[in-house]
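Taking it in order: structure first as structure tokens, then the write-up.
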Amino acid sequence: MPLTNTRPISNLHSPFSVDAWRAPAFAGVLEALLAEQEPIYVVGGAVRDFLLGRDAGLTDLDLALAGPVLPLARRVADRLGWAYYPLDAERDVARIVQRRDGAAPLVCDLAALRGDLAQDLALRDFTVNALALQMTADGPPHLIDRCDGVGDLRRQRIRAVTRQSLAADPIRTLRALRFAAQLGFTLAEQTAAQIPALAPRVTQTSPERQRDELWKMLGLARPGDRLADMQRLGLLVHVLPEVAALDQVEQSPPHRLDVLQHTCEVMDGAAALRDWLADRNFALPDRALEETLTPRREQLAVHFAQELASGRSRAAWLVWHALFHDTGKPACASVETDAGGARRIRFFGHAQVSANIAERRSLALRFSRR
């Protein structure tokens, strides 16, 4: 399959020279690889984010190159003093990592091309990620866009590369929602239409992969909207069935929403608190709450910055507390009717039931017991 749309890089918003792409932190890695083989290809998010002007502080780089990759990655890691990890020996995928004091580690994943570059790009998830920068030792980088990824960046949409892309790896049904939210894009109509039928297959993916996609998704602004998206497209019942069961569970005043809608609202509030604790320039939407909390901001920030496990802080967990806080209500619902015939819905004991559900689901998603 011939490559098409090969051209010098140009930024989507303003012109750049063909030399515009820079990854100074990874310059040594690229130089060492190009000394052994060329061309090599920068692929995925680094290319997408460069074209969107979001590439500041790049710490993650994905490369595709001719195999065998594992011995090449080990040689480069040894030469540069980076750590080496064989991620997938069968598929010839390696990771090299440079740990840095006081800064995020630099992570470079190297994968063998699956066939030629055109075939490799066609096997990727979404067109905006099926972009490659061709790197050589002497010439400028060139953008290779086999699937009209640049067009979809301009249209601000997430579109599966082929009709088989989502079915080939069902975790992509969740990832589509995450990328749309992360980039502020919409889902292409044909991609969104595929998700409900494929939603049951997401359970065929490992709990760890489901957990990681959920963690990234709920770490964005307005995570309640993401929960509503999962419910609308039929994913929630397969990924978080206890949460899906909250849909249309009625509550008495002063509640004005059913339990699922209320949970989405509380999650958005928790995310605002999380972001307020991390960023002094962030303003809470509830001004009265902000005025109440501001005198205690420093103490709260210190407490919620504490790591619980695997680099995840107390602040990052706030959204997950909100996610599970009412999951016990369906099992605990009862209705009281007073002498005048007025109904009141009660949920006695739901807090402990919710805590038990949170524990079970967290362990099922392979979070640590801590």
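Taking amide H as placed 1.01 Å from N in the peptide plane, ILE40 has its amide H under 5 Å from the amide H of MET135, each at least 5 places away in sequence or on another chain. Along region 105-115 the Karplus relation, 6.51 cos²θ - 1.76 cosθ + 1.60 evaluated at θ = phi - 60°, assigns HN-Hα couplings of x, 8, 10, 10, 9, 10, 10, 6, 4, 8, x Hz to successive residues, with x for each Gly and Pro. Over region 6-155, the ratio between the Cα radius of gyration and 2.2 N^0.38 Å evaluates to 1.00.
When each of the peptides 63-71, 204-212 is scored by the mean number of other C-beta atoms lying within 10 Å of its residues, the order from highest to lowest reads 63-71, 204-212. The calculated P(r) of the chain, using every Cα pair and 10 Å bins from 0, goes 5, 19, 27, 25, 15, 6, 2, 1, 0 in percent. Within the chain, antiparallel bridges make up roughly 80 percent of the DSSP beta bridges whose residues both belong there.
For region 162-170, putting each phi into the Karplus relation 6.51 cos²θ - 1.76 cosθ + 1.60 with θ = phi - 60° gives couplings of 9, 5, 8, 4, 5, 5, 5, 8, x Hz, in residue order, rounded to whole numbers and with x for Gly and Pro.
Multiplying the residue separation of ALA66 and LEU52 by 0.36 nm and removing their Cα-Cα distance gives an extension gain of 2.3 nm. With a cut-off of 19 Å, note down the residues of region 204-231 whose backbone N falls inside the zone around a label point 7 Å from the Cα of ASP275 toward its beta carbon. In region 204-231, the label zone of ASP275 (backbone N under 19 Å from the point 7 Å along Cα→Cβ) covers 214-230. Stretched out straight at 0.36 nm per residue, the stretch from THR136 to LYS216 would grow longer than its current Cα-Cα span by 25.4 nm.
Normalising by residue count, region 69-214 has a Cα convex hull of 159 Å³ per residue. Extension gain, LEU123 to ALA35: 0.36 nm times the residue separation minus the Cα-Cα distance gives 28.9 nm.
Estimated from the Cβ-Cβ distance and a Förster radius of 56 angstrom, the FRET efficiency linking ARG75 and ARG256 is about 0.35. A protection proxy built from the mean count of other Cβ atoms within 10 Å ranks the segments 120-128, 245-253, most packed first, as 120-128, 245-253.
Across region 116-130, coupling constants 3J(HN,Hα) worked out from phi with the 6.51/-1.76/1.60 Karplus curve, θ = phi - 60°, read 8, 4, 4, 5, 4, 5, 5, 8, 7, 6, 10, 4, 5, 9, 9 Hz, and Gly and Pro carry x.
If one puts a single equal scatterer on every Cα of region 209-364 and applies the Debye formula without solvent, what log₁₀ I(q)/I(0) results at q = 0.09, 0.11, 0.13 Å⁻¹? The Cα Debye sum returns log10 ratios of -0.33, -0.49, -0.68.
Below 8 Å between Cα atoms, with a sequence gap of 6+, how large is the relative contact order for the chain in percent?
It rounds to 11 percent for the chain.
Coordinate-derived values only; no laboratory data. Please read these numbers as outputs of a predicted model, since none were measured by experiment. Counting neighbours? That spans all protein chains shown, and the Cβs are built from the backbone with ideal geometry, glycine included.
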